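Colleague: Submitted below is the structure of interest, expressed as C-alpha cells.
The values are calculated or read from the model by the stated rules, or taken from the named source; none is laboratory data. Being a predicted model, the structure only gives us computed values, none of them experimental. Here the Cβ is made from the backbone with ideal geometry for all residues, glycine too, and neighbour counts use every protein chain on show. To get the accessible areas, we keep the full protein, side chains included, count just its heavy atoms, and leave off ligands, DNA and RNA. Shrake-Rupley method; radii C 1.70, N 1.55, O 1.52, S 1.80 Å.
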Amino acid sequence: LPAPSSSAHPMTTPHESASDMALRRAGLCLAGAAPLPPGLLRLGLPAAALEDVQRAALSGGPKEAFAWLVKQQRLKDDVLQRSAVEPLDACWRAVRAQEEVLPSWGHKMAAWEVECARLRAEHQERRRRREEEQGSRERPEVDEEVVKEEPLVLPIALPKPRLSAPGCYLWGEVGRGKTLMMDLFALSLQQPHGVANEGVVVRRAHFHDFMHGVHQRIGKSRSEGSRAGVSAVVDETAAGGPAVLCFDEFQITNIADATLIMPLFSELFTREVVLVATSNRPPTDLYKGGLNRELHMPVFVGALERRLHVHYLDAPVDYRAKMRKAEDDAGASSASSDFVLEIPGLSSSALLAEAFAAAAGGAVPGAQKLPVAWGRQVECASTANGVARFTFEELCDRPLSAEDYTAMVTKAQVHTFVVSGVPRFTLKLHNEARRFTNLVDTLYEHQCRLICSADAPLDELLVGMDRLCSVEAKPAVEAESFPEPVLRKHGDVSFMVSSKSPCRPDTFATAEADSEAGTSVVHFGNSGADSSESGDDGIVGVMAQAADSLRESGFAARRCASRLLEMGTVAYRAGHEGGGGHEARACERR
C-alpha cells in the first residue's frame, strides 16, 4: 500500500468545488469539453494523448480513433475488435449524414408550418364570410340554398430524413473491449461543451442508472397528476437532433423494467434515436426465465433485432486480466495494490487505516450520514475528503441496491471506498455477492477506487459464484418430507423455515410454498468449486422464477472478477486520479 502523504490530496486541485470534483469523477474534462466517456479514462492516457484521440475521433469517427490508439501502441491490433468498430463507424457516418440534411429539412418544415397556418386562416375567413352572408338574408327559410362546407386542404409534410444505420447492439464475454468500442463512438460525436456542431446530443449512461431515472421521472409525473408517463420521458431523452443514446451493460433483471421496456423503446425508435448498447448477453437471452417474460420480451426482442445491428464480439482474450498479469509480472502494480489479503493471526486494520489516510490526504475523518436512493441515509463511521470506510457487512449485508451505491458516489461524492472483511464468496452468500458485484459495477462505471481486505486471493474471491451460471430449477420434494418448520423474523417480516429450507426473505420460500408452487431445488451438478459446502448439490427453496436471477448473479460475478483485476492496475489508477502526471504504459489494453 502507498505510504501516507502529508502533501495535498493528489485527486483535488486548489479551490476545486465539490461539484467540480463530482464532475471530474464522472469523467475527465479536457479544457472546455464535456466529460470523457469512462472507457477512455481507463486506458490511463495522459491529457495530451486524450486530446489527440478525441481529435482523431471527431475527424474520422470511431474507426479512425481505434486506428490511432493502435498506431500509438495504446491498444493491440485485435482483428475482432476492429470488426466490432465497423458497425459503430457506420452509425457515426449515418449520424453525420443526417446532421447535414436536418437543417435544410428543418427550414422546409418551418416554411410548411407557415404555409399551413396561412391556409387555415384563409379557410377560416371564407367560412366566416359565408356565415355572415347566410345571416343577412331576409327570408332564409324560403331561400334554402345549401352551401357545402369547403374542405381544408393542406400540403403534405416532408418526412424526416431516416438514418441509414440507426444503431448497434454489441455483446460478448467480459473484458473483450465492448465498452471501449462504444465509448470511441460516443467520443466521435462529442464536441466541446457536449454538443456536436450544435446538433447531435450524445447521452451515455449505464443502462441500470438510465432505467432507474426513467422510473423516478414517471413516478414524479404521476405524483403531480400528469398522465404523460413514458411520452414525457421520451420527449426529454430524445431532445436534440439527432439524439444519440449509448447504454453500457444492457440487461433486464426485473419485472418493472420488463413491463416498461417495450413502450419506452418503441417511442424512442419512432423518434429516430440512435441507440448503441453493450451487453454480456444476446438479445434473445435478455430477461431469460424472468417472470411473465413471454408477455413483454418477444415483441421487444424482435423490434430490437430489426432496428439495430447485432454484433457478437467473439474475442478470445480477457484484456483486463491480461493487462493486470502484465503489470504483475513487471512488478508495476504490486507497489500500489489496493487489495490486502487477510492472513490468519495478522490484522489488516493498520494497513487499511494507512491507505485511508493517504487517499484522504491526511484529512481528519469523522462520522457522516450519506444520502442514498429514495431519500434514505446510510451511516458511515469514518469519512473524509471523498473517502469512506466501511466493513463488508455495512455495505453488502444490508438491503442496499445499485441505486444506493450510485447515490453514494454521485450525491455524497465518495470517490474512494475502503472496505474491510470481504469474504470468500460461497453459494450461501449469493445475496451478499450480488450486492458486492453491484458495488463494484458502480465504482467501475464512475472510475472510483476500491481499497479492500479479503479472505481469499483476488482470482479466487468469486470462483464459488461461477457455478450459478449453469443453475437450473428442478421440482422440490414433497413438503411432508421436510422437518418441522419454525417461525423466524426478519425486521417486520415473519416467515417459516426449516433446516432443509434456509429461508431468506429476499430470495427463498418456505418448504410448504415450494411444494404448493411446484418449485424448486436449484441444482449445480457434482463438479466445480464449492460443491462440498452442503450435503447436496443444490439450494432448497428458490422459486423457479428466481433461477434466472441466480444465473445473472453468476454472470455478474464473472464481470466483477474481471473488473477487480483492472481496478488494481496503474492505468485505472491514473484515470481515477484525473490522468495528470501519469504516463500510461504502452501495453496491450482493452
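Colleague: Are any residues in segment 61-82 touching a residue at least 40 places away in the same chain (Cβ under 8 Å) and among the small types (Gly, Ala, Ser), and if so, which ones?
Modeller: Hits for segment 61-82 are Gly61, Ala65.
Colleague: Still on this structure, please answer the following. For Pro263, work out the one condition from (1) surrounded by fewer than 17 Cβ atoms within 10 Å (Cβ to Cβ); (2) out of contact with any helix residue (DSSP H, G or I) (no Cβ under 7 Å at 6 or more places or on another chain); (3) outside any loop (DSSP other than H, G, I, E, B) it doesn't fulfil.
Modeller: Condition not satisfied by Pro263: (2).
Colleague: Would you mention how many residues in segment 559-570 are closer than 19 Å to Ala355 by Cα and touching a Leu at 6+ places or on another chain (Cβ under 8 Å)?
Modeller: 4
Colleague: Those residues that are open to solvent by 10 Å² or more (accessible area, probe 1.4 Å), touching a residue at least 24 places away in the same chain (Cβ under 8 Å) and touching a helix residue (DSSP H, G or I) at 6+ places or on another chain (Cβ under 8 Å), I need them from segment 47-59; list them, please.
Modeller: Selection gives Gln54, Leu58.
Colleague: I need every pair where a residue in segment 219-234 that is closer than 16 Å to Leu264 by Cβ has its Cβ under 7 Å from the Cβ of a residue that is open to solvent by 40 Å² or more (accessible area, probe 1.4 Å) and among the acidic types (Asp, Glu), sequence separation at least 6 or different chains.
Modeller: Cβ pairs passing all conditions: Val230/Glu267; Ser231/Glu267; Val234/Glu267.
Colleague: Might you let me know whether segment 224-231 holds any residue that is of a type in the set (A, V, I, L, M) and open to solvent by less than 10 Å² (accessible area, probe 1.4 Å)?
Modeller: Looking through segment 224-231, none of the residues is of a type in the set (A, V, I, L, M) and open to solvent by less than 10 Å² (accessible area, probe 1.4 Å).
Colleague: Quick one: would you say Leu75 is within 23 Å of Asp318 (Cα to Cα) and not in a helix (DSSP H, G or I)? Spell out how you get there, then give the answer.
Modeller: On the way: within 23 Å of Asp318 (Cα to Cα): yes; not in a helix (DSSP H, G or I): yes.
For Leu75, the condition - within 23 Å of Asp318 (Cα to Cα) and not in a helix (DSSP H, G or I) - is met.
Colleague: Of everything in segment 284-316 that's open to solvent by 40 Å² or more (accessible area, probe 1.4 Å) and hydrophobic (A, V, I, L, M, F, W, C), which residue is nearest to Lys76 (Cα to Cα)?
Modeller: Taking the candidates together, the pick is Val310.
Colleague: Which of the residues belonging to segment 238-260 are in a loop (DSSP other than H, G, I, E, B), farther than 16 Å from Val299 by Cβ and in contact with a helix residue (DSSP H, G or I) (Cβ under 6 Å, 6 or more places away or on another chain)?
Modeller: Within segment 238-260, Gly241, Pro242, Glu249, Phe250, Thr253 qualify.
Rundown of residues vs (1) modelled with pLDDT under 95; (2) open to solvent by less than 40 Å² (accessible area, probe 1.4 Å), yes/no style:
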{"residue": "Arg398", "(1), (2)": "yes, no"}
{"residue": "Ala402", "(1), (2)": "yes, yes"}
{"residue": "Met408", "(1), (2)": "no, yes"}
{"residue": "Gln413", "(1), (2)": "yes, no"}
{"residue": "Gly421", "(1), (2)": "yes, yes"}
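Colleague: Identify, from the list Glu267, Glu249, the residue that is farther than 15 Å from Phe210 by Cα and touching a residue at least 24 places away in the same chain (Cβ under 8 Å).
Modeller: So the residue among Glu267, Glu249 that is farther than 15 Å from Phe210 by Cα and touching a residue at least 24 places away in the same chain (Cβ under 8 Å) is Glu267.
Colleague: Give me the residue from segment 60-96 that is under 20 Å from Val202 (Cα atoms) and basic (Lys, Arg) and, out of that set, most open to solvent (accessible area, probe 1.4 Å).
Modeller: Going through the qualifying residues, I end up with Arg93.
Colleague: I've got another one for you. Using the structure shown, decide if Ser347 is more than 26 Å from Lys411 (Cα to Cα), open to solvent by 20 Å² or more (accessible area, probe 1.4 Å) and not in a helix (DSSP H, G or I).
Modeller: Spelling it out, Ser347 is indeed more than 26 Å from Lys411 (Cα to Cα), open to solvent by 20 Å² or more (accessible area, probe 1.4 Å) and not in a helix (DSSP H, G or I).
Colleague: In segment 266-283, which residues are part of a helix (DSSP H, G or I), open to solvent by less than 20 Å² (accessible area, probe 1.4 Å) and touching a Ser or Thr at 6+ places or on another chain (Cβ under 9 Å)?
Modeller: Listed by number, the list holds a single entry, Leu268.
Colleague: Next up: Just give me the residues in segment 399-418 being outside any strand (DSSP E or B) and without any contact (Cβ under 8 Å) to a residue 40 or more places away in the chain, in sequence order.
Modeller: Leu400, Ser401, Asp404, Tyr405, Ala407, Met408
Colleague: Okay, moving on. Name the pairs whose Cβ atoms lie under 9 Å apart, with the first residue in segment 376-398 and in contact (Cβ under 8 Å) with a residue 60 or more places away in the chain and on the phi > 0 side of the Ramachandran plot, the second small (Gly, Ala, Ser) and in a loop (DSSP other than H, G, I, E, B), and 6 or more positions between them or separate chains?
Modeller: As it stands, the answer is Asn385/Ala360; Asn385/Gly361; Asn385/Gly362; Asn385/Ala363; Gly386/Ala360; Gly386/Ala412, since those pairs meet every condition given.
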